[in-house]
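One structure is given below, encoded as structure tokens.
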Amino acid sequence: MNDLDFSGKTVLVVGGSSGIGNGIAQAFRRRGADVHVWGTRASASDYAGDEGSDLDGLGYSQVDVSDIDAIERLTPTFSQLDILIQCQGTVAYRRGEFEREGWDKVIAVNLDSLRACAMKFHSMLHESRGNMIVVSSTAAFHSTRGNPAYNASKAGAVALVRTLGEAWASDGISVNGIAPGLVATKLTTVTTENPKRLEASLANIPAGRLGTPADMAGAALFLASPLADYIRGQTLVVDGGLILS
């Protein structure tokens, strides 16, 4: 038996249209799963040509996760769900998160929607005795001086994983998380496309390189597999050693 064969499983990746979420979605698809993703654009074709967006073979739905009412009203395009990956995220730079509008937007996407999606699919995951994996950030474990909402939301995500990991274990649902370090995505271009910032960041990563969506996908596959069956409420840090010192 191949513990990383997900044939017959249905997977939803919220935020799976690009970046880390897309890498995770395609990794499950390649291992036999029926994979659905949520994104912000009207259709999958609107991502054509975008680096880090490969929607081939994936079911696609447009969902604005900052709209909690929309999540609650939504009728899923699938009848069963075995694995829910929550990888939605946003950030506001130039000290935008110190203002109410920026704060509210980041908290709505990065934290409030996690609860809404979790509750939306609780019954399906209970029925399948499935898995929920929340992708947060190493920002949960250290200060991010210019981004208080991002920091607070990611710390809240880690706390939510702990609590739901305990609360839902008796429902047969495994809840865990992944905290990526620095990965080159649309959200991190302020660092990855700035040579001085990138050099300074790489100097602090013992592995000597940026993370990749494939690195995060490996962790997600493990946590959703029988290999991780006795792990509950934990957030696995996948950062090349970034936060070791």
For the chain, modelled as a Gaussian network with Cα springs under 10 Å, which listed residue fluctuates most, Ser45, Ser113, Ser66? Ser45
For the chain, set up a Gaussian network in which alpha carbons nearer than 10 Å are linked by springs, and say which option among Leu125, Leu182, Leu198 fluctuates the most. Leu198
With Cα atoms, 0 to 90° folded angle of helix 148-167 axis to the chain main axis: 30 degrees
Length-normalised contact order for the stretch 10-240 - Cα pairs under 8 Å, 6+ apart - percent: 20 percent
Is the stretch 1-82 best put as rounded, prolate or oblate by its Cα gyration tensor, with a ≥ b ≥ c the root eigenvalues, rounded for a/c under 1.5, and otherwise prolate when a/b is larger than b/c, oblate when not? oblate
Could you work out how far helix 19-30 tilts from the main Cα principal axis of the chain, as a 0 to 90 degree angle to the nearest 10? 30 degrees
Crossing angle, helix 213-224 versus the chain [Cα axis fit, 0-90 degrees, rounded to tens]: 40 degrees
No solvent, one uniform scatterer per C-alpha: report log10 I(q)/I(0) for the chain via the Debye equation at q = 0.07, 0.09, 0.16 1/Å, two decimals. -0.21, -0.35, -1.20
With a sphere of radius 14 Å drawn around the Cβ of Asn204, what net charge do the other residues whose Cβ falls strictly inside it have (Lys, Arg +1; Asp, Glu -1)? +1
For the chain: lysine pairs with Cα atoms under 22 Å, gap of 8 or more or different chains, count? 7
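Each value in this text was obtained by applying a stated rule to the coordinates, not by laboratory testing. None of these values were measured; they are calculated from a predicted model. No Cβ is skipped: glycine too gets one built from the backbone with ideal geometry, and neighbour counts run over all protein chains shown.
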